[in-house]
Amino acid sequence: MILFGSGVFLGSILAVSASSWFLAWVGLELNLLSFLPIIFWGGLMGSNESGIKYFFVQSLASLLILVGSLFPFFVGAFDFYFIIALALFVKLGAAPFHVWFPSVIEGMSWFSCAVLLTWQKLAPLFLVSNFDFFQFVIICSVLVGSFGGFNQTSLSSILAYSSIMHVGWMLSGMGLSFSLGVSYYFIYFFFSVMLVSLFFCWGVLRLGQLLSSLFIVKFSAFLLLLSMGGFPPMLGFFPKWYLIVTLLSESVFLSFFLIFSSLVNLFFYFRLFYGALFSNVSSFYGVGYFEEGFIFFVLCLIFSLFGGVFYPLFF
């Protein structure tokens, strides 16, 4: 497993640092072939199906990149630009090329989910920053991501749609400023890993399991989701705020959709957790679990709430 993990890491680094699209394709292929055994290693009932779906989707996107990189003179400048960008959006799981993403992530283990939600977005996101960002893809991503989670009962599916929405924000950030896009990505990376770790440690897979768990577990998840949604003054609010302030001078139209999607997302989280948090406070004192849950709760509180105080010092 260390060997495959190293391949995933090195493939992304090679793609990001590549001097040509062909080398970027080689890095993406190394990443893909190394990540597939990690998916199958999960051992869940749907791991094989998810691995096969992921392989076919990513192979199609890789084929488009290969065609665009090897035959740019035959396909034309505009077609080259469009084909490469289309392939990268597919790899990112950005809407309207997102259909594969929730179904693939549904059958994965939590470890594979964490990798797909975070590290696997790094190389395509860096590569797509070479192009002008597409407003249509950004708007589709934030709308699909914010509304898509409403009818989901699987926590992995909720995280998948949340990821689609954040891809729209990251693309907006990359289009405005590379440093802004990178800072947004790493904050998203951190909170996604924290959420997946919480769900893994407490063995929750479905929304009903989370809402009926200990109060301290629910509240930890609530804090992390609020911060990811951009609720002030939490850490996740500041990159969104800086992005919107910068974007308003470029496109008020796009800014409206980004703000609207964030508000819809926050409404969903509040509606989801309000009744569960205040209806069964006595479950805060779970026998044998209070100490572990309290430690995780304190970490969530520190990083999501007080972490926002330090964000302006670094970005």
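Bear in mind that the values in this text are calculations on the coordinates, not laboratory data. None of these values were measured; they are calculated from a predicted model. Heads up, the Cβs are rebuilt from the backbone with ideal geometry, glycines too, and the neighbour counts pull from every protein chain shown.
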Cβ crowding within 10 Å averaged over residues, with 88-98, 185-195 ranked highest first: 88-98, 185-195
Per-pair calculated FRET efficiency, R0 = 51 Å: residue 3 and residue 249 via Cβ, rounded to 0.05: 0.60
Neighbour-count order for 113, 201, fewest beta carbons within 10 angstrom listed first: 201, 113
Long-range HN-HN contacts of residue 206 with modeled amide H, under 5 Å: 155
Stretch gain in nm, segment residue 177-residue 151, where the contour uses 0.36 nm per residue and the Cα spacing is subtracted: 5.9 nm
Dimensions in Å of the range 1-108 - Rg and Dmax from alpha carbons: 14.5, 46
Ascending count of other beta-carbon atoms within 10 Å, so fewest first, for 79, 132: 132, 79
Cα centroid of the range 140-203 to Cα centroid of the range 1-52, whole Å: 20
HN-Hα J in Hz across the range 115-123 - Karplus 6.51, -1.76, 1.60, θ = phi - 60°, x for Gly and Pro: 5, 5, 6, 10, 5, 5, 8, 4, 5
Rg/Rh for the range 150-219, where both radii come from Cα atoms and Rh is the Kirkwood radius: 1.07
